[in-house]
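Here's the structure we're looking at; comments come further down.
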Amino acid sequence: MKKVVAIVVGILVLGVAVVLGIAATKPNDTHIERSQIVKASPETILSNVNDFKKWAAWSPWEKVDPNMKRTYSGAESGKGAKYAWSGNDNVGEGDMEILSTEPTKTVFNFHQAKPFEGTSTVVFSAIPEGDATKVTWAMDSKDNPFMCKVMQVFISMDDCCGKEFEKGLASLKTVSESSSATAQDAKDTKEAPATAQKESGDNG
């Protein structure tokens, strides 16, 4: 019996050693990126990105924990806006801050405190393409903690986070195109009486 236990323990130790060895070969830096074509202007799209209070409408992580605690501080939106969250094991705990905004790009500092400590740079870019806009959500992490490397032995961070990026971009597309359509309807409604009045005056 002792011999069997010793063999099992030996196999487990070997397995752990192999996993740790593979983890040690994983890169220190991680880049994840996904894109989506949206029929809305960069201004409309980024208005939903630059205001953290609007993230609930499209961010996939906002829907994971209904009881997640949120704290907003700093600027109302754009550069200097800050957002902190604390939730269950699936969303963890952390904070974000908008570092800079441009007409076609917003840059964030993303800090994850739990379940693992880590800091990343997140960039949303919105580049016009014809009558639409190509929106790209990218995240770069440097000096990944060793536990993250261990996780990468079993799962692909690109696949795992990339799928969430895809969900988020699909929702951002829906929200932005809806906002764009509403704004256009309001513009058409406002212009209609003026056009009718002008035509009436011409006929008179």
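The values are calculated or read from the model by the stated rules, or taken from the named source; none is laboratory data. This is a predicted model, so every value here is computed, not measured. When we count neighbours, we look across all protein chains shown, and the Cβ atoms used for this are built from the backbone with ideal geometry, even at glycine.
Test Gly130 against the stated conditions and say whether it is in contact with a Cys (Cβ under 9 Å, 6 or more places away or on another chain) and at pLDDT below 95. Answer is no for this residue.
Tallying residues that are touching a helix residue (DSSP H, G or I) at 6+ places or on another chain (Cβ under 9 Å) and more than 20 Å from Met139 (Cα to Cα) within the range 78-106 yields 1.
So, in the range 69-119, of the ones that are aliphatic (A, V, I, L, M) and in a strand (DSSP E or B), which residue ends up surrounded by the most Cβ atoms within 10 Å (Cβ to Cβ)?
Checked the range 69-119; the qualifying residue surrounded by the most Cβ atoms within 10 Å (Cβ to Cβ) is Ile98.
In the range 33-68, which residues are surrounded by fewer than 16 Cβ atoms within 10 Å (Cβ to Cβ) and more than 27 Å from Glu129 (Cβ to Cβ)? Once the filter is applied, which keeps residues that are surrounded by fewer than 16 Cβ atoms within 10 Å (Cβ to Cβ) and more than 27 Å from Glu129 (Cβ to Cβ), the range 33-68 yields Lys53, Ala56, Lys63, Val64, Pro66, Asn67. Within the range 112-130, residues that are on the phi > 0 side of the Ramachandran plot and among the charged types (D, E, K, R) have Cβ atoms under 9 Å from residues that are surrounded by fewer than 18 Cβ atoms within 10 Å (Cβ to Cβ) and part of a strand (DSSP E or B) in no pair, counting only partners at least 6 apart in sequence or on another chain. Residue check: Asp95 meets all listed conditions (1) more than 16 Å from His31 (Cα to Cα); (2) of a type in the set (D, E, K, R); (3) at pLDDT below 95 but one, namely (3).
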